[in-house]
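Student: This is the structure I want to talk about, given as structure tokens.
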Amino acid sequence: MSKKVAFLQGNEAAAQGALYAGCNFFAGYPITPSTEVAEVMSIELPKVGGKFIQMEDEIGAYAAVLGAALTGKKALDATSGPGLSLKQELIGYACIAEIPCVLINVMRGGPSTGMPTGPSQSDVMAAKWGTHGDHASITLVPASVQECYDMTVQAFNLAEKFRMPVLVMPDEIIAHMRERIEFREPGEIEIINRTEPTVPPAEYKPYDTRFGDVPPLAAFGSGYKFHVTGLNKMQDGFPTTKAEIVQAEEERQVRKVMDKVDEIVDFEEFKMDDAEICVVAYGSTSRSARYAVNAAREKGIKVGMFRLKTFWPFPDKQIKAIAAKVKGFVVPEMNLGMCSVEVERCNEGKAQILTVNRVDGEPLNPEQILVKIKEVK
Amino acid sequence: MAFDYEKYIRPGKLPHIWCPGCGHGIVLKGLIRAMDSLNLKKEETAIVSGIGCASRLPGYVDCCTLHTAHGRAAAFATGVKMARPEMNVILVGGDGDGTAIGGNHFIHACRRNIDMTYVIMNNYIYGMTGGQFSPTTPHMMKASTTPYGNPDPSFDIAKLAIGAGATFVARGTAFNASQIDKLIAEGIQHKGMSVIEILDDCPTTYGRRNKYKSVIEMMNRLKEVAVPVKAAEKMTAEQLQGKILTGVLFKADRPEYCAEYQKVIERAKGGAK
């Protein structure tokens, strides 16, 4: 049997990916340029007995997602810049209470209302640093419509596996362009579900580290009773201010991700084998970068591309290894320098770093990137 | 035989954080009596709150309890109820949490008429942060941020709930303890959004600043201003001046949200749009 093929928009593909992953709850609020995700979910979810709710505001949407996720649902919300800003407190809540859920954030211009219909990549720092307090982040950055589908599946898997919020962040170009995509067959991508408790309800603790850094999560309404709070908490879920417990719990919540970086981080290396120059790109910018790399290769320049598929955790190890080999990095982004800050950190002063930045709502074109590649000394 | 509260209280979680003279404990006991009178299964009951003194209540009750972020109880609870309509979903919180920072979620939960019960403990003040004025602090009263008297007009929570579309709205007081459980129980049994406002007191941050000499004086005020709706019918406008109606203030029959969404599922599965 041939695969189901469709000509879809990135947002539509992300919604289809969510359904493949078993998403059965969506709460959202209308916002350009992510609204199509909500529209598709409003059509498809009730067909499979799932629930869709349009909430009164962005914060309420994410709150409803967290409430539903605690009852065992695989829950999704979709938004864009201003909505991401509004949800930040509750993203922190999901981190500390360890609630699995997925947020699709389509990147448009900012700050504030910015340019609602224009693309940008300026939310990548907000994805990690937007909410207050220490926490780990998992943020995926698709560069094609197929990746919007696949990465949303992956986002649910990571959310369930690590019991935390995961972000999928296509830029507006990726979210709104149309490409041919293949729907995945059942079983083609492994679907991961959260670990449920095996202990009887009376013995259950929602943060029981006897079971590792990612404790089993019971569902409200499944016979287990427990307490969930945004306060620093003990293993039984109740608040504490005891210094050693707070320290240990905070460290665990970061460690559960950072100890598994190699498992989480995904990337693509393009013509990197003999590269003396590395273009570090992601999202739609990587498509221009690929074109620029090919054009430069035709001119005999030894250049390759490292494409981030996972923005957070940042691929430190890979960028550090490249920094030791190449003479320069070129970092094109639709922001005034965000990924380049991370590249600088990993570079540790070794290679030259040139940036190409655009925040005018227009995509970075290959020629701009090619010019920078040629400037590397 | 005395009522056994212990079976609903989590072992080891008392004493509670509330000050001596605070009415929240009276509401907690009323809620427990209401749950017991309806034989609510603890593992089938979610108690959801926001932030503030009143929002600490869920931690003491042996159910599925969710202490959310400031103002967000109604939105989290909407997610819980939509996802598991078979669960009893009870919200608890204070006036600031519910009608200021959480005001939007509150009115929209009322509008949807989703089958949840919201017990709002209205003590006219932000107690946990030390006594700042809230949307229900009466005009010209003192709070730590209204040192010259409160310039704001105040919300009537029950009217707000009725206006927004809640289909069961009641009001009680911390003084009239034996009425609290009956109002909450009736609210839980009502199919739709029920709001039970309990007029409460905060001797520590409100009473002190507003010349109440004692908790007894604050409780006596609640007793004096409260007029049961039935009694009010026989009173003149003049007699009702400065009084606050208590009892079941509003009841209506309107489609419940989860049931309406179930119809959406049926229409979608049937191929209709």
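The values are calculated or read from the model by the stated rules, or taken from the named source; none is laboratory data. Fair warning: this is a prediction, and the values are worked out from it, not measured in the lab. Every residue, glycine as well, gets a Cβ built from its backbone with ideal geometry; the counts of neighbours run over all protein chains shown. Quick note on the areas: whole protein, heavy atoms, side chains included, nothing else; ligands and nucleic acids left out. Shrake-Rupley method; radii C 1.70, N 1.55, O 1.52, S 1.80 Å.
Student: In sequence order, what are the phi-derived ³J(HN,Hα) couplings for the stretch A:4-19 according to the Karplus relation 6.51 cos²θ - 1.76 cosθ + 1.60 with θ = phi - 60°, rounded to whole Hz, with x for glycine and proline?
Tutor: With the stated coefficients, the stretch A:4-19 comes to 6, 10, 8, 10, 10, 8, x, 5, 5, 5, 4, 4, 5, x, 4, 5 Hz.
Student: So what are the ³J(HN,Hα) numbers for the stretch A:122-129, from phi and the Karplus equation (6.51, -1.76, 1.60; θ = phi - 60°), rounded to whole Hz, Gly and Pro as x?
Tutor: 3J(HN,Hα) across the stretch A:122-129, in whole Hz: 9, 9, 5, 6, 4, 4, 9, 9.
Student: Which of the three applies to the stretch A:265-375, rounded, prolate or oblate, going by the alpha-carbon gyration tensor with a ≥ b ≥ c and a/c under 1.5 meaning rounded?
Tutor: Because its axes are fairly even, with a/c under 1.5, the stretch A:265-375 counts as rounded.
Student: Then there is this: When the dipole is taken about the Cα centre of the stretch A:265-375, and only Lys, Arg (+1) and Asp, Glu (-1) are charged at their Cβ, what size is it in debye, to the nearest 20?
Tutor: For the stretch A:265-375, the charge dipole is close to 240 debye.
Student: Once the whole set of protein chains is in place, how much accessible area is left on A:Lys350, using a 1.4 Å probe, in Å² to the nearest 10?
Tutor: Around 120 Å² of this residue is reachable by solvent.
Student: Using a Gaussian network model on chain B with a 10 Å cutoff between Cα atoms, which of B:Ser194, B:Ser154, B:Ser49 fluctuates the most?
Tutor: B:Ser154
Student: Determine the dipole magnitude for the stretch A:5-182: charges of +1 sit on the beta-carbon of Lys and Arg, -1 on that of Asp and Glu, nothing else is charged, the reference point is the Cα centre, and the result goes in debye to the nearest 20.
Tutor: 300 debye
Student: Top mean-square fluctuation among A:Lys242, A:Lys302, A:Lys317, Gaussian network model of chain A, C-alpha springs under 10 Å?
Tutor: The residue that fluctuates most here is A:Lys242.
Student: Taking H as built 1.01 Å from N, whose amide H comes closer than 5 Å to the amide H of A:Phe329, not counting residues under 5 places away?
Tutor: A:Cys278, A:Gln352, A:Ile353, A:Leu354
Student: When you look at the Cβ of every residue in B:38-45, what mean number of other chain Cβ atoms sits within 10 Å?
Tutor: Counting Cβ atoms of other protein chains within 10 Å of each residue's Cβ and averaging gives 2.
Student: So how do A:Ile189, A:Ile104 rank on accessible area, 1.4 Å probe, biggest first, that is with the largest at the start?
Tutor: Accessible-area ranking of A:Ile189, A:Ile104, largest first: A:Ile189, A:Ile104.
Student: I've got another one for you. Pairs on different chains or at least eight residues apart, Cα atoms closer than 21 Å: how many lysine pairs in the stretch A:1-77 fit?
Tutor: Step by step, the pairs that qualify in the stretch A:1-77 add up to 5.
Student: List, in the order given, every pair from B:Lys42/B:Lys269; B:Lys42/B:Lys230; B:Lys7/B:Lys81 whose Cα-Cα distance in the structure shown is over 31 Å.
Tutor: Going by Cα-Cα distance, B:Lys42/B:Lys269; B:Lys42/B:Lys230 fall outside the 31 Å limit.
Student: Helix-only mean residue ellipticity at 222 nm, the protein assembly as shown, DSSP H runs n ≥ 4 weighted -39,500 (n - 2.57), per residue, nearest 500. What is it?
Tutor: -10500 deg cm²/dmol
Student: Also, quick follow-up: Probe 1.4 Å, all protein chains in place: accessible area of B:His108 in Å², nearest 10?
Tutor: Accessible area, nearest 10 Å²: 40 Å².
Student: Choose one answer from A:Glu333, A:Glu12, A:Glu276: the residue with the largest mean-square fluctuation in a GNM of chain A with alpha-carbon springs under 10 Å.
Tutor: Most flexible of the set in this elastic network: A:Glu276.
Student: Taking a probe of 1.4 angstrom, what is the accessible area of A:Glu160 in Å², to the nearest 10?
Tutor: Approximately 10 Å² for this residue.
Student: Here is a follow-up. What list of ³J(HN,Hα) couplings, whole Hz, do you get for the stretch A:221-233 from phi and the Karplus terms 6.51, -1.76, 1.60, once you set θ to phi - 60° and write x for glycine and proline?
Tutor: Working through the residues one at a time gives x, 9, x, 9, 10, 7, 10, 10, 9, x, 6, 4, 9 Hz.
Student: Under a 5 Å amide H to amide H cut-off, with H placed in plane at 1.01 Å, what residues pair with A:Asp171 once short-range neighbours are removed?
Tutor: The answer is A:Met107, A:Ser284.
Student: Further question: Mean separation of Cα pairs under 8 Å and 6+ residues apart, divided by the residue count of chain B: what relative contact order is that in percent?
Tutor: 18 percent
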